[in-house]
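Data block below; observations after.
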Amino acid sequence: MNPVTITVYLQALGGKFLGPNAFSIADEPITVSFICGSIDANLPYAAATSDDGNISSGFSNSIPYTLPILTLDNNTYTENFLTTDSNTIAGTVTVPASAITPFMNAAIIAVIPRPTGIPLKIVQNVVLTAGQSAYTFTLLVPGLLLEPATDAQPADTISVLVKMMCGCKLTVNTSKSFWAPDDFEVMAYLSYSDGSVVSYPMSFDTMSNDSTFIAVINDNAYTEIYFTAQQRSTGNYGYLNVLPA
């Protein structure tokens, strides 16, 4: 049996590949490992110079294997597709022939950090077969990436950034508006010291047009906020807990 090359892409469900725009911090980057028998290898994945794929309106019958990107427009969904180039981010490892046998079970494990502090762990079981020396796998990463909003808002307004797990923003009427705000339901739940909770539906901030959702609240005496978001077309879900400054 020849040495086996394993290439792994991480695709945000409904989005692009996880790459330079995905959430990570210096001491907790995205990690991908490959476990096969006695082999436990890390696939070098995160790279600042890599891109997260390109979006095309046409489907290409080639690897990697990806799901389409659905764009909501006037209550109708259109499909777009990911393509790759020489700089598209991926992880690759070569397993020596001496370490594997035909029809050998293996596992790919990806760990993705999130602003919540609780990383997302994804495990994909695979099998290596006789006569095949190169494999490409795409692991789907579900969820939505919620982060504190950076734009200044009035004192009686709360805000949150809602992105795809690839870090792709929600916008309207731009060349990159593949994820429509109307496809997302965003809520804020404000907790108070007496144990009560008040919920606010949030609306897209068309002025900033940069993935920000806002809501006007009745007072600022809350003790914490839970932001939640759900994407109708994929079922993607995300949340963020924020304490007042």
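The values are calculated or read from the model by the stated rules, or taken from the named source; none is laboratory data. Given the structure is predicted, the values throughout are model-derived calculations rather than measurements. Counting neighbours? That spans all protein chains shown, and the Cβs are built from the backbone with ideal geometry, glycine included. When the accessible area is computed, the model is the full protein with side chains, heavy atoms only, and any ligands, DNA or RNA have been set aside. Shrake-Rupley method; radii C 1.70, N 1.55, O 1.52, S 1.80 Å.
If you take every residue apart from residue 90 with its C-beta less than 13 Å away from the C-beta of residue 90, what net charge results, scoring Lys and Arg +1 and Asp and Glu -1?
With Lys, Arg at +1 and Asp, Glu at -1, the neighbours total -2.
Using mean Cβ contacts within 10 Å as the protection proxy, how do 136-142, 226-232, 147-153 order, highest first?
My ranking of the peptides, most packed first, is 226-232, 136-142, 147-153.
Report Rg (one decimal) and Dmax (nearest whole number) for the stretch 7-125, counting Cα atoms only, units Å.
According to the Cα coordinates of the stretch 7-125, Rg and Dmax are 16.2, 56 Å.
If you average the alpha carbon positions of the stretch 1-57 and of the stretch 146-209, how far apart do those two centres end up, in angstrom?
28 Å
Can you give the net charge of the other residues whose Cβ lies under 14 Å from the Cβ of residue 230, counting K and R as +1 and D and E as -1?
Around residue 230, the surrounding residues sum to -1.
Tell me the label-point distance for the pair residue 25, residue 150, using the 7 Å Cα-to-Cβ offset, in nm and rounded to one decimal.
In this crude label model, residue 25 to residue 150 measures out at 1.7 nm.
Counting Lys and Arg as +1 and Asp and Glu as -1, each charge on the Cβ, what is the dipole of the chain about the Cα centre in debye, to the nearest 20?
Rounded to the nearest 20 debye, it is 740 debye.
Take peptides 9-15, 119-125 and line them up by average Cβ neighbours within 10 Å, highest first, as a rough protection proxy.
9-15, 119-125
Could you please state how large a percent of the accessible area of the chain is carbon and sulfur, counting protein chains only and using a 1.4 Å probe?
51 percent
Just to confirm a number: summing +1 for Lys and Arg and -1 for Asp and Glu over residues other than residue 190 whose beta-carbon lies under 11 angstrom from that of residue 190, what do you get?
-2
Can you list the residues, at least 5 places off or on another chain, whose amide H is less than 5 Å from the amide H of residue 138, using H built in the peptide plane?
It is 9, 65, by chain and number.
Suppose we take every Cα in the stretch 37-98 and form the convex hull; what volume per residue is that in Å³?
Dividing the Cα hull volume of the stretch 37-98 by its residues yields 144 Å³.
I'd like to check one number: the per residue accessible area of the stretch 152-236, probe 1.4 Å, reported in Å² as a whole number.
The answer is 47 Å² per residue.
Taking the Cα atoms of the chain, report the difference between the largest and smallest coordinate on each principal axis, in whole Å and largest first.
For the chain, the Cα spread along each principal axis is 68, 40, 29 Å.
Multiply the residue gap between residue 86 and residue 107 by 0.36 nm, knock off their C-alpha separation, and tell me the result in nm, one decimal place.
5.0 nm
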